[in-house]
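Read through the structure below, which is laid out as structure tokens, and then see the notes.
The values are calculated or read from the model by the stated rules, or taken from the named source; none is laboratory data. Please read these numbers as outputs of a predicted model, since none were measured by experiment. Glycine also receives a Cβ, built like all others from the backbone with ideal geometry; neighbour counts cover every protein chain displayed.
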């Protein structure tokens with residue numbers, strides 16, 4: 001039904017004229033008429049897909065923008081080929097947003113350097129701001145960057161590229177966004193607060209650019225899963241980058257005995273599609289690099305290095321590292337003070353005063369004695385000088401023209417030198433400088449956590465107090481927990497009575513741990529919800545059903561829940577399967593749990609399978625438990641490979657019990673944390689300290705925990721203390737226990753109360 005000869009429209013020109021939704025409707029209507037279609041004809045042409053006349057009427061009415069799927073179905077019904085659809089898709093994108101959100105620009109107009117793409121080294125004959133882009137395998141992979149972005153464009157989505165510094169992740173993301181959605185708006189939020197503001201009034205066709213995702217996560221005002229959900233439902237596309245060590249830290253659940261530090265960060269990343277960006281090039285990528293090197297001088301120069309990847313060389317990463325290694329004692333002291341501040345958690349620019357005050361502790365007494373008068377100015381000039389015209393070890397940062405706010409450490413140095421300094425002891429001058437100079441509450445909170453991990457309560461507590469006084473709730477929580485762990489009940493009580501939520505919670509925990517039922521009841525009756533919750537738990541623990549019922553009847557919801565749990569437990573002890581089943585089927589969670597446990601004790605595999613397949617949330621756990629108990633490793637493997645996390649857990653335990661170390665190690669390296677935990681358990685049980693240490697040094701959270709446990713059991717106080725001073729959280733927790741084990745109970749008590757003494761300067 002094409003138009004007569006001589007009347008074929010220039011489809012690309014017609015699509016190019018579209019700017020608004022009415023423009024789009026007018027052009028589509030003109031296309032329909034020129035193709036000679038009625039509404040009924042279009043409906044028939046679209047078959048076997050459904051394109052009702054009412055949908056066509058809405059599409060051509062020009063009131064609101066159609067869905068992309070509807071537009072493409074309409075165009076194909078009109079007889080357009082796949083090659084003709086592209087201009088219309090671009091027109092649809094332009095029509096979606098005549099003006100973008102405040103601060104946004106069209107993707108095609110963005111400057112890559114402003115989005116975090118590293119500047120490039122210079123080379124004779126090089127042209128352009130950046131070298132030619134080398135296509136990565138992850139660009140075109142089945143679940144690669146571009147495939148995931150196409151999916152996100154139709155329904156909203158979050159894509160996170162995880163890779164080390166200067167491996168090309170930001171450039172890869174930029175090129176993908178520019179290729180797929182040039183007409184979309186791109187907004188680079190300043191912080192999570194701006195993201196929440198956008199989520200409250202989202203615009204269509206907007207890419208939210210979150211380079212260095214960790215800057216938006218954590219702290220009281222960090223990005224949360226609820227905000228991300230809102231953005232995804234609004235159709236926004238979030239593109240982010242993240243370093244591997246941070247991704248591992250955020251996504252690894254803690255041991256059951258430890259606090260969940262990164263619950264909020266993990267919840268955000270669970271909503272994301274993650275693409276790993278390898279620092280090593282694949283053979284096809286090497287071929288593409290070599291081909292482009294024939295015409296691109298910078299890539300040709302980068303290929304001359306055999307020690308580093310071409311993308312790292314282009315971003316001057318190795319040159320920055322060489323600058324750090326070649327620094328004199330004063331230059332290195334300034335750089336180390338800045339690197340330490342950043343790796344300990346400071347995110348805002350570091351002032352010159354902070355660096356000046358922190359640096360002396362990194363020099364020995366002879367170096368301090370002979371320091372020239374201008375040692376700091378010369379060191380700062382060296383550290384902030386551009387390398388290859390691209391990057392400085394310390395980059396000056398300013399909010400206003402001509403105003404210096406402070407200095408930021410090159411991320412390549414943070415990653416590589418930070419890894420080398422991971423076990424280094426931060427000197428007293430640095431802690432003192434951070435204490436007095438860091439004014440941002442988030443920085444204060446993060447430095448407080450780093451100090452507490454080293455048992456440096458003398459620094460942790462002031463950091464927490466400063467941040468809490470600015471309204472930082474996480475700092476208030478950590479401060480209250482510190483008071484609780486030190487048994488400072490009166491301070492906790494004073495804060496709780498003054499309305500401090502966190503202190504109230506920690507005081508209730510302290511009273512519960514000491515079985516102080518009467519004190520809990522007094523506070524509960526005075527309206528303290530935390531005390532009421534802990535009192536109910538204590539009464540249930542003691543089996544005091546009548547007291548729970550009395551409080552439940554008086555309106556105590558905590559007592560009502562614990563009463564329900566206690567009743568279900570009693571039914572299970574009595575073997576009352578039918579009543580438990582009836583309660584579970586009616587939605588009683590406590591009954592469902594106890595029923596599943598009872599069925600597992602009875603070896604009722606079939607019923608557990610049926611209940612698991614029917615959606616019983618408790619049955620999968622107990623089915624996996626039963627299969628583990630029966631040694632049915634093949635069924636556990638099958639369920640684990642199908643994505644059953646409970647089967648994962650039990651398979652890991654069974655592999656450890658059967659000594660299948662190779663499979664356990666393989667799954668630990670590829671499948672996730674539960675296998676890493678069991679491998680660490682097995683290595684600890686067999687006393688494999690060297691492998692535990694190697695895995696811990698590589699960032700294995702559970703190996704670090706089990707290594708600390710092994711050292712504690714062996715009474716190796718010196719090793720634990722060294723690891724604690726270097727910031728190992730697990731060693732810090734177990735050092736008091738190790739002291740007790742070697743007969744130093746008073747030292748252990750003093751350590752719990754006061755922590756370690758502050759570090760000394762060199």
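Here are a few things to note about the model shown:
- Just one residue in the set 188, 178, 215, 196 is without any contact (Cβ under 8 Å) to a residue 60 or more places away in the chain and in contact with a helix residue (DSSP H, G or I) (Cβ under 9 Å, 6 or more places away or on another chain); that residue is 196.
- Neighbours by Cβ (under 6 Å, 6+ apart or cross-chain): first from the range 361-374, over 16 Å from residue 430 (Cα atoms); second in a helix (DSSP H, G or I): 367/329
- Residue in the range 273-283 that is assigned to a helix (DSSP H, G or I), more than 12 Å from residue 135 (Cα to Cα) and more than 13 Å from the chain's Cα centre (by Cα) present: yes
- Selected residue (only one of 290, 214, 194 is surrounded by fewer than 20 Cβ atoms within 10 Å (Cβ to Cβ), touching a strand residue (DSSP E or B) at 6+ places or on another chain (Cβ under 8 Å) and part of a helix (DSSP H, G or I)): 214
This table checks each residue for (1) more than 16 Å from residue 246 (Cβ to Cβ); (2) in contact (Cβ under 8 Å) with a residue 60 or more places away in the chain; (3) surrounded by 24 or more Cβ atoms within 10 Å (Cβ to Cβ); (4) within 21 Å of the chain's Cα centre (by Cα).
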position	(1), (2), (3), (4)
397	yes, no, no, no
403	yes, no, no, no
411	no, yes, no, yes
415	no, yes, no, yes
422	no, yes, no, yes
428	yes, yes, no, no
434	yes, yes, yes, no
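- Of 72, 93, all but one fail to be crowded, with 17+ Cβ neighbours inside 10 Å and without any contact (Cβ under 8 Å) to a residue 24 or more places away in the chain; the exception is 72.
- Residues within the range 604-641 that are out of contact with any helix residue (DSSP H, G or I) (no Cβ under 9 Å at 6 or more places or on another chain) and closer than 30 Å to residue 691 by Cα, tallied: 1
- So residue 452, is it outside the structural domain of residue 693 (by TED's automatic domain parsing) and more than 30 Å from residue 754 (Cα to Cα): no
- Qualifying residue in the range 732-754 (condition: within 22 Å of residue 419 (Cβ to Cβ), crowded, with 20+ Cβ neighbours inside 10 Å, touching a helix residue (DSSP H, G or I) at 6+ places or on another chain (Cβ under 7 Å) and modelled with pLDDT of 85 or more): yes
- Residue list for the range 668-687, filter: in contact with a helix residue (DSSP H, G or I) (Cβ under 8 Å, 6 or more places away or on another chain) and farther than 25 Å from residue 646 by Cα: 687
- When the helices (runs of 4 or more DSSP H) confined to the range 470-562 are screened for residues that are outside the structural domain of residue 219 (by TED's automatic domain parsing), within 35 Å of the chain's Cα centre (by Cα) and touching a residue at least 12 places away in the same chain (Cβ under 8 Å), those reaching at least 1 such residues are found at 473-485, 489-497, 501-513, 529-541.
- Criterion violated by residue 79 - all others in (1) modelled with pLDDT of 85 or more; (2) more than 42 Å from the chain's Cα centre (by Cα); (3) assigned to a helix (DSSP H, G or I) satisfied: (3)
- Considering residues of the range 713-727 that are part of a loop (DSSP other than H, G, I, E, B) and touching a residue at least 40 places away in the same chain (Cβ under 8 Å) only, the residue nearest to residue 425 (Cα to Cα): 726
- Test: residue in the range 149-167 that is in a helix (DSSP H, G or I), free of Cβ contacts under 8 Å to residues at least 40 places away in the same chain, touching a helix residue (DSSP H, G or I) at 6+ places or on another chain (Cβ under 9 Å) and buried (at least 17 other Cβ atoms within 10 Å of the Cβ): no
- Within this structure, residue 286 passes the test of being without any contact (Cβ under 8 Å) to a residue 12 or more places away in the chain and within 30 Å of residue 124 (Cα to Cα).
- Of the set (1) modelled with pLDDT of 90 or more; (2) buried (at least 23 other Cβ atoms within 10 Å of the Cβ), all apply to residue 465 but (2).
- Counting only helices (runs of 4 or more DSSP H) wholly contained in the range 596-686, the ones carrying 2 or more residues that are under 30 Å from residue 698 (Cα atoms) and at pLDDT 85 or above occupy 633-641, 645-657, 661-670, 673-685.
- Those residues of the range 316-325 which are in contact with a helix residue (DSSP H, G or I) (Cβ under 7 Å, 6 or more places away or on another chain) and either modelled with pLDDT under 70 or buried (at least 23 other Cβ atoms within 10 Å of the Cβ) (or both), in sequence order: 317, 320
- In this structure, residue 240 qualifies as in contact (Cβ under 8 Å) with a residue 12 or more places away in the chain and outside any loop (DSSP other than H, G, I, E, B).
- Residue match in the range 123-136 (condition: within 26 Å of the chain's Cα centre (by Cα), at pLDDT 85 or above and either in a helix (DSSP H, G or I) or buried (at least 17 other Cβ atoms within 10 Å of the Cβ) (or both)): yes
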